[in-house]
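Read the structure below first, then the notes.
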Amino acid sequence: PNTVSFTGMACGGLAGLCYWHWRDGAAYVLAGFALMVAWHVMDGLDGKLARASGKTSPLGRLIDGLCDYLVFILVLLPLAFSIDPWPQTLALALVSGIAHAVQSAWYEGEREAWKRRARGEYAATPRPPARFWGERLYNNAEDALGRGARAIDTALGRDPALQEPYLVATAPLLRGLSVLSANNRTIVIALACLAGDPRLYWYWEILGLTAIALIMAWRLRRREAMVAARGIGG
């Protein structure tokens, strides 16, 4: 599975090489997009292969997550250096990268929390002890942004009959969170390059996706509070 993850990262590196030539024609952009799609295939395959072969591990989860971030770095850095003045563009890309990391960690945390509640587990399972600072930082960010216990976990634990109303009420919102997924980012990168200004992607990530994430977080917390209040009120 880790080999598949690294192969996907190599596809991302080749995609970055293609995107470096985004000004030289749509063929380079489309080639970069196709290589990013190949990475998505690898990204979906490594987890399935790990589960099917019994080779899941905390290290594999970390490698998978880091490879995902590295692919976007390998794609977006060449784009940043291709636009003058590149120091300003690089600063824009770095701010965008921070927004990307926070948005993705929150998105993945919300999905994992919803899935465990669907399994009838109303408390987050502690991660194994981190083996180095990078893994510890990754775990802490994931916990802080969505994986940890909330009021809804307490409500579901107190009244398991609320599980079905919770799942029905929040499932549409969880599906809507897919706008924060890597799939949509891949599409927007290509569209921004085809539109003639890759910076449009970074503006979208910093302003557009951040606003969407905040609105969705508010709606999700509000929906959870309504379900919890239903239990409190009988």
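The values are calculated or read from the model by the stated rules, or taken from the named source; none is laboratory data. This structure is a prediction, so every number in the text was calculated from the model and none was measured. Here the Cβ positions follow ideal geometry from the backbone for every residue, glycine too, while neighbour counts run over all protein chains shown. Quick note on the areas: whole protein, heavy atoms, side chains included, nothing else; ligands and nucleic acids left out. Shrake-Rupley method; radii C 1.70, N 1.55, O 1.52, S 1.80 Å.
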Query - Selected residue [in a helix (DSSP H, G or I) and more than 30 Å from D84 (Cβ to Cβ)] from W204, W218 - result: W218
Report summary line: By residue number, the members of segment 108-151 that are modelled with pLDDT of 85 or more and either polar (S, T, N, Q) or not in a helix (DSSP H, G or I) (or both) are R119, G120, E121, Y122
Report summary line: Checked segment 12-23 for anything free of Cβ contacts under 8 Å to residues at least 60 places away in the same chain and either part of a helix (DSSP H, G or I) or buried (at least 22 other Cβ atoms within 10 Å of the Cβ) (or both); matches are L14, C18, R23
Report task. Go over the candidates A93, A105 one by one and state the one that is modelled with pLDDT of 90 or more, among the hydrophobic types (A, V, I, L, M, F, W, C) and open to solvent by less than 30 Å² (accessible area, probe 1.4 Å). Result -> A93
